[in-house]
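Enquirer: The structure follows.
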Amino acid sequence: MIKAVIFDLDGVIVTTDEFHYQGWQKLANEEGIFFNRTINERLRGVSRFESLEIILEKATRTYSHEEKAEMAERKNNYYRALLHTLTPADILPGVLKLLTGLRNAGIKVAVGSSSRNTPFILEKIGLSRSFDTVSDGNQIKKSKPDPEVFLLAAAKMQVPADQCLVVEDADAGVEAANRAGMKCLAVGSARSNPLANMNANSLNEVSVDQLLNL
Ligand code: BG6
Ligand code: MG
């Protein structure tokens, strides 16, 4: 029986996955590095530095650690400028209905995200106080597909892993949920992932009853 649901943030709760893409594309253009939406799919759920390493696979020269640090910061500045435009209207369809339904059913809800910008994003979309706990990129050493971020959320809620359900839009996140021993609903970009217990295009198509019976 599911006792807690852990939501990924970027691409599950809010449309910030598109902002990540725009920030990386601007940086890649400036550096003359080939980058497109297909490569961008590999960045979902992955930390900022690991994302940069994936982008640099297409670079024609090597970069020093200092240059990489500057590039990651530059991308984050582009990304943060876009985050300033966020409002509650950017919450993805179906999220608020599910959060209310889960809370009414006595189910704990958490955020489990690799992003260090998680607190800022939750504040911008008005959900800072809507979760029992938040586990994010500021609190972990290894990002998805490592299960650390989800195991931390479960520990903070004091719910055993096998009673947690993860909601993810990243293949890396679905793998992390599997490795944590948690159930998983895959949506958006991960909607065809065969490792998930349930797949949907959008949370709008999912009911609380479906989730609790997974
Ligand atoms: C994840 C995103 O949620 O956070 C990744 O899916 C991103 O694309 C990662 O790289 C780290 O985000 P941030 O905000 O710390 O740069
Ligand atoms: Mg995501």
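Enquirer: Can you work out which of the residues in segment 159-180 that are over 13 Å from I6 (Cα atoms) and either within 16 Å of ligand 1 (Cβ to nearest atom) or outside any helix (DSSP H, G or I) (or both) is most open to solvent (accessible area, probe 1.4 Å)?
Expert: Per the criteria, the residue is D171.
Enquirer: Condition (residue is more than 16 Å from ligand 2 (Cβ to nearest atom), open to solvent by less than 20 Å² (accessible area, probe 1.4 Å), in contact with a strand residue (DSSP E or B) (Cβ under 6 Å, 6 or more places away or on another chain) and not charged (D, E, K, R)) applied to segment 2-19: is it met by at least one residue?
Expert: The answer is yes, given that some residue of segment 2-19 is more than 16 Å from ligand 2 (Cβ to nearest atom), open to solvent by less than 20 Å² (accessible area, probe 1.4 Å), in contact with a strand residue (DSSP E or B) (Cβ under 6 Å, 6 or more places away or on another chain) and not charged (D, E, K, R).
Enquirer: Taking segment 1-48 as the search range and keeping residues that are aliphatic (A, V, I, L, M) and within 16 Å of the chain's Cα centre (by Cα), which one is nearest to L214 (Cα to Cα)? Before you say what the answer is, go through the steps one by one.
Expert: Quick first cut of segment 1-48, residues aliphatic (A, V, I, L, M) only: 1-2, 4-6, 9, 12-14, 27-28, 33, 39, 43, 46.
With the extra rule that they be within 16 Å of the chain's Cα centre (by Cα), the set shrinks to 5-6, 9, 12-14, 43, 46.
Working: V5: 12, I6: 14, L9: 21, V12: 19, I13: 20, V14: 24, L43: 28, V46: 26 Å.
In this case the residue turns out to be V5.
Enquirer: Taking interchain pairs and intrachain pairs at least six residues apart, which have beta carbon atoms under 7 angstrom, with the first residue in segment 45-65 and touching a residue at least 24 places away in the same chain (Cβ under 8 Å) and open to solvent by 90 Å² or more (accessible area, probe 1.4 Å) and the second β-branched (V, I, T) and away from ligand 2 (no atom under 16 Å from the Cβ)?
Expert: Close Cβ pairs (under 7 Å, with a partner that is β-branched (V, I, T) and away from ligand 2 (no atom under 16 Å from the Cβ)) amount to K58/I33.
The values are calculated or read from the model by the stated rules, or taken from the named source; none is laboratory data. All figures in this text were calculated on a predicted structure; none of them were measured in a lab. All Cβ positions, even for glycine, are placed from backbone atoms using ideal geometry, and neighbour counts span all protein chains on display. Surface areas here come from the heavy atoms of the whole protein model, side chains and all, with no ligands, DNA or RNA. Shrake-Rupley method; radii C 1.70, N 1.55, O 1.52, S 1.80 Å.
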